[in-house]
Every structure is written in C-alpha cells, then in structure tokens.
Amino acid sequence: MPKYFRGVVIPNYIRNKSQLMRWVFETFQGEKISNWDLATKLHTLRYGGYIHNLRQEGYDIETIRTKGKDGLFYYRCNSVPELSQEFMEELNT
C-alpha cells in the first residue's frame with residue numbers, strides 16, 4: 001500500500017484498495033486523476049472495477065478521454081454520497 005499520493009499522507013485506516021480508491025476520490029474531489037497515476041502511484045491495475053463500484057454507490061465519477069493514441073484517461077469525482085454508517089464503522093475498526 002502506498003504511503004503518499006500527490007504529497008498527501010494516506011491515512012493508516014486505509015487497509016485495502018477499495019478504501020484507498022474511495023479516499024482518493026473523496027480527498028481529491030473535483031481534480032483530474034489519470035489512469036497512469038492510479039496504476040503507477042497507487043499500484044492499482046483494476047481501477048476500472050473500483051470506479052464501477054464507486055459509481056454504483058453513488059459517486060459521480062466522470063471519465064475524460066484525451067486526444068491522441070497515448071491511452072491516457074482522466075477521472076474526476078464531481079460529487080460523493082454521504083458516508084454510510086457501515087463505512088464509518090469499517091473505518092473505525
């Protein structure tokens with residue numbers, strides 16, 4: 001698990017990739033995050049599945065395609081749902 005992302009310390013309560021992705025999109029809400037950053041800096045190759053799950057939970061995550069053939073995509077979280085009681089309990093354990 002990485003210790004930092006974009007100069008921000010990743011909290012100790014983050015124990016798995018689902019929590020990490022949730023934290024990233026909440027912490028950097030409104031900012032573009034590239035698929036390259038997700039793969040190389042967060043060591044998350046299955047980010048598509050995590051983003052799908054977050055969208056199912058009510059996160060408004062926009063996919064931004066770049067022009068060109070470099071394969072670069074950006075994701076921007078425009079809004080997050082209110083944290084559920086279950087998630088809050090998970091963080092506190």
Quiz item: So what's the angle, to the nearest 10 degrees on a 0 to 90 scale, between helix 17-27 and the longest Cα principal axis of the chain?
Solution: 80
Quiz prompt | Cα-based helix-to-principal-axis angle, 47-56 vs the chain, degrees rounded to 10 | solution = 60
Practice problem: Please report, in whole Å, how far the alpha carbons of the chain spread along each principal axis, starting with the longest. | Solution: 45, 27, 21
Practice problem: Starting at the first residue of the stretch 4-13, write each ³J(HN,Hα) from the Karplus equation 6.51 cos²θ - 1.76 cosθ + 1.60 with θ = phi - 60°, in whole Hz, x for Gly and Pro. | Solution: 9, 9, 6, x, 9, 5, 7, x, 5, 6
Exercise. Go ahead and set up a Gaussian network model of the chain, Cα springs under 10 Å, then flag whichever of Q19, Q29, Q56 fluctuates most.
Key: Q56
Quiz item: Where the accessible area of the chain is counted over protein heavy atoms with a 1.4 Å probe, how much of it, in %, is carbon and sulfur?
Solution: 48
Exercise. Work out the length of the dipole vector of the chain about its Cα centre, built from +1 on the beta-carbon of each Lys and Arg and -1 on the beta-carbon of each Asp and Glu, and round it to the nearest 20 debye.
Key: 580
Quiz prompt | Mean ellipticity per residue at 222 nm, deg cm²/dmol - from DSSP H runs of n ≥ 4 across the chain, formula -39500 (n - 2.57) | solution = -10500 deg cm²/dmol
Exercise. Report the FRET efficiency, 1/(1 + (r/R0)^6), for E26 and R65, where r is their Cβ-Cβ distance and R0 is 41 Å, rounded to 0.05.
Key: 0.95
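The values are calculated or read from the model by the stated rules, or taken from the named source; none is laboratory data. Everything quoted here is computed from the prediction, not taken from an experiment. Neighbour counts are summed over all protein chains in view; Cβ atoms, including those assigned to glycine, are modelled from backbone coordinates with ideal geometry. For the accessible areas, the whole protein counts, side chains as well, though only heavy atoms, and no ligand, DNA or RNA atoms are used. Shrake-Rupley method; radii C 1.70, N 1.55, O 1.52, S 1.80 Å.
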